[in-house]
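Worksheet for the structure shown next.
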Amino acid sequence: MILRFKFLLFICALCLTNITYAQLETHLISGEGWAKGDYVEIGINAKGVYGASTYNKPASFHDNRESDINNLFGFIANPLADGWVDYDGDFFTPGDPEEGFCVSINGINYNNNNNSSLFQIPGEVKGVNVISSDCFDDTAQIFWEGNVDGLNIKRYYSVTKDGLFIQMSTTIKNISNVVKPSVFFMHNVDPDNNVTLSGEHSTDIEIVSQASSAVDNISLVTASQAPLLIPEDMDGSNVSFFCKDELARVSFGGFNNRSATEIWNGMTFSSAEGDLTLDEDVAISIAFNLGDIAPNEAKKFTYYYILKEIEESFIPLIVNIFKENPSICDGTDGKIIFSGLTAGESYVISYKDDGVLIPSQTFIADTLGDIEISNLDSGIYSDVTINFAGCDTNINTLFELSDPVPPNFNLTHVDLSNCASFDAQINIQNLTPYTNYLVSYTLDNTTLYGPEEYTANFNGEINLLNLDRGIYSDFILEQYGCYTASNQIVEVLGPAIPTAYSIPPQFYCDQDYDYVTSIDLSSNNAFILGPDNPLDYQITYHLTEQDAINGVNLNTTAYTTSGLNSFTLYAKKTDLSHFCYSYIPFTVTINLPPTFSVNDAIICVNIDDTVNTDYSPAVLSTNLSSANYTFEWYFEGNLMPGESGSYLIANNYGLYTVTATSLATQCAYTNQANVFPSGPPKTLEVEIISEPFSENHTIEIITTGHGDYVYNIDNQTNQSSPIFTDISAGHHSFTITDFNGCGQVTIDKTLIDYMHFFTPNNDGHNDNWQIIGVEKLIQPKIYIFNRHGKFLTKVNPKGLGWDGKYNGTLLPASDYWFKVEFLDQDNIEREFKSHFALRR
């Protein structure tokens, strides 16, 4: 790095000073290059095209005879070598002269032209130089460099002391990391020649040779005007494009020609050998098809303006020296290139590298007459000596090879206009247009961005777009291995960020105990709004912080929770004017209501529905503690004032409701219980379903009342059915019991039947025969017969019955018959006959 700058003051002084060797001159004035030989003078502007400002013309240069309308100095020539009495030029007309070049990349054309709007390949004149030697014609040289779409373009414009031509040597190098396809180059000029003398814009143009058809690959197009036969123009004027390169094509036609591919392909232009036009005002052009250019590959070509009448056998004689700087910082791929030498000739060359002598080496010029001294680093190369074919020469010109200049940049910025579009930007300025840089920087001292590759635009700017507010610092730019760090800090501002006021922890209740419930978040709007007007803001809710940033919203009024007991949500407050926002987290806890049940209960009532106080009261209990919960009781939907305990004594039957609320969570749960009345039957009837004297007796107990009942006969096992079958005749007790324990009732019933036998032996058992339950018959009449049908006696229904005697005499054991006459419950006379046995 020290070597790169050690001659800086000397070189800068050299750039600001006119360089003169013998009759050669070069000048660098206000960014424009001027070069002068004995017979040719040129001016190159910042675009790299002919047409420097006449206001910068060195005093030693001749008047270009151009009017004051455009004030441009292009090139003039003195073919007669008469001391600049009869000389040609300027080759520009007043107004908008047509002179410039174009680079086409994959069909896209970039033009630099004297037309004021055509500066599409940013660049500048980098330096001027005079190369003098004893063996070759001295050369005055102007060096221009520019960049477009990843291509670096170096153009050398050279005139010799005695020559009547301008050599233009161009190197196009791909400095990007991708292939540049279908690259073409074109140079275009309107050869108005001596219009300032004749007033005529037209010229005679001819394609003398075309590389596509010439054996020697010479392309030559000439434009001339006839002499005016005045002292200032005794020989007319000539200007030609000349090249010896198979990649070249020349043409004429048109004027504002802007497409390199169209020129090279001869589209709508005359491009065949022998084509000519007489006395017309059209342009002449030369184009090169460079094909695809790979990364770090360079394509070099040379062509000429010839300023005298020539034939295709003309060969311009010029030995020139070009330099190619290292492609990266501290690189060793720099070159010094000697051109115009004799192909195949041996040359012994020595030089000094930063004052250190590099011993002589022998080089052989290639088929183009070029010798390259390669693998050079940055530094000052001087004291070049060349020995060949008996000629020794010293070239005292200093050739400085420089590493790429580290990016020298400054930063400007544009604040946010609103927060929705993130339209802030930082502009990195003073860069080389259309070249790539690696950019890195830090946001808010925490987040590193890059390195990322950007391409500077036409204005030499990289625009970092779509930025948010923040502090941007630690900018580092890298190009060609050269780094520049900036301590400039850029604070990007914007509209005010709204204040998101805190939301206290929120609690919600889930009634089905799975922590999944629908909650209304809008009740929190007032918290985050604080004192601000709700009409000025939008409040949204989000599951995560990233969702808040990305605008992924939750359903505000019906958000279904995920099943977690506690979690964090984010509330976002957005300014509707500028869409700026802030967001805050808040906690949500899903609480469960108390778990309890209230059992249905029974009130024991009398047959008149009054409460039977002999039994325990109906108690409805939540089994919760009054220390932890509050309670509200309702009867048939109506609040029961004063009832706020954990249990209730029900005095009425019906629907009771209780709501228990947790003092800790305020979660409430409501349960219900029914209180039923229960008690003995209000009405009771034992209905004998079977007929009297049936073999199988059946009865049904019919009740009405509030209870659920069970039944038994003669204190036997209870049954739920009120129907009894296979009951024996005679007297029975039936008991009806309330299942819920609210009392019982007993009722007696006699079933009518007859004795099937009796034993009148005075043992106290079955000594008399009688109708069982005879007292239940209506107006019974009982008659006894022997088995032959003889009437024996009539039995008193109210007595003990028949004693087995007839007129006081014991009758023998035998079957006897009886007949009973009675009225049924409908007072219809009935009769029943059967027999029974008397046993002795």
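The values are calculated or read from the model by the stated rules, or taken from the named source; none is laboratory data. Because the structure is a prediction, the values reported are computed rather than measured. Every residue, glycine among them, receives a Cβ derived from its backbone with ideal geometry; neighbour counts consider all protein chains shown.
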Residue ranges of strands (runs of 3 or more DSSP E) in the stretch 646-688 with at least 1 members more than 28 Å from residue 744 (Cβ to Cβ): 647-650, 654-662, 668-678
Qualifying residue in the stretch 536-543 (condition: more than 16 Å from residue 500 (Cα to Cα), modelled with pLDDT of 95 or more and not hydroxyl-bearing (Ser, Thr, Tyr)): yes
Subset of the stretch 782-804 (residues that are of a type in the set (A, V, I, L, M) and either within 60 Å of the chain's Cα centre (by Cα) or assigned to a loop (DSSP other than H, G, I, E, B) (or both)): 800
Some residue of the stretch 456-470 being surrounded by fewer than 18 Cβ atoms within 10 Å (Cβ to Cβ) and β-branched (Val, Ile, Thr): no
Those residues of the stretch 114-155 which are among the aliphatic types (A, V, I, L, M) and in contact with a Leu (Cβ under 7 Å, 6 or more places away or on another chain), in sequence order: 125, 128, 130, 140
Enumeration of residues in the stretch 776-797 that are farther than 16 Å from residue 821 by Cβ and either surrounded by fewer than 12 Cβ atoms within 10 Å (Cβ to Cβ) or in contact with an Asp or Glu (Cβ under 8 Å, 6 or more places away or on another chain) (or both): 787, 788, 789, 790
Conditions (1) under 30 Å from residue 456 (Cβ atoms); (2) assigned to a loop (DSSP other than H, G, I, E, B); number of the one not met by residue 187: (2)
Cβ-Cβ under 6 Å pairs, at least 6 apart or on other chains, the stretch 760-776 side in contact (Cβ under 8 Å) with a residue 24 or more places away in the chain and within 12 Å of residue 839 (Cβ to Cβ), far side crowded, with 18+ Cβ neighbours inside 10 Å and of a type in the set (Phe, Trp, Tyr): 769/758; 769/802
Residue count for the stretch 437-455, restricted to those that are acidic (Asp, Glu) and either over 17 Å from residue 175 (Cα atoms) or buried (at least 19 other Cβ atoms within 10 Å of the Cβ) (or both): 1
Tally, over the stretch 419-436, of residues that are surrounded by fewer than 16 Cβ atoms within 10 Å (Cβ to Cβ) and among the acidic types (Asp, Glu): 0
Matching strands (runs of 3 or more DSSP E) fully within the stretch 247-311 where at least 2 residues are at pLDDT below 95, farther than 23 Å from residue 166 by Cβ and out of contact with any His (no Cβ under 7 Å at 6 or more places or on another chain): 276-280
Test result for residue 115, over 19 Å from residue 337 (Cβ atoms) and surrounded by fewer than 19 Cβ atoms within 10 Å (Cβ to Cβ): yes
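Every residue, every condition in (1) touching a Leu at 6+ places or on another chain (Cβ under 8 Å); (2) in contact (Cβ under 8 Å) with a residue 40 or more places away in the chain, yes or no:
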residue	(1), (2)
402	no, yes
405	no, yes
416	yes, yes
423	yes, yes
427	yes, no
435	no, yes
450	yes, no
455	no, yes
463	no, no
Those residues of the stretch 708-756 which are among the small types (Gly, Ala, Ser) and part of a loop (DSSP other than H, G, I, E, B), in sequence order: 720, 721, 728, 729, 741, 743
Unique match (being more than 26 Å from residue 265 (Cα to Cα) and either in a strand (DSSP E or B) or in contact (Cβ under 8 Å) with a residue 12 or more places away in the chain (or both)) among 116, 182, 224, 213: 116
Check on residue 134, part of a loop (DSSP other than H, G, I, E, B) and on the phi < 0 side of the Ramachandran plot: yes
Residue match in the stretch 497-514 (condition: part of a strand (DSSP E or B), within 30 Å of residue 295 (Cβ to Cβ) and either in contact with a helix residue (DSSP H, G or I) (Cβ under 8 Å, 6 or more places away or on another chain) or in contact (Cβ under 8 Å) with a residue 40 or more places away in the chain (or both)): no
Hits in the stretch 369-413 (condition: of a type in the set (A, V, I, L, M, F, W, C) and loosely packed, with under 15 Cβ neighbours inside 10 Å): 389, 391, 405
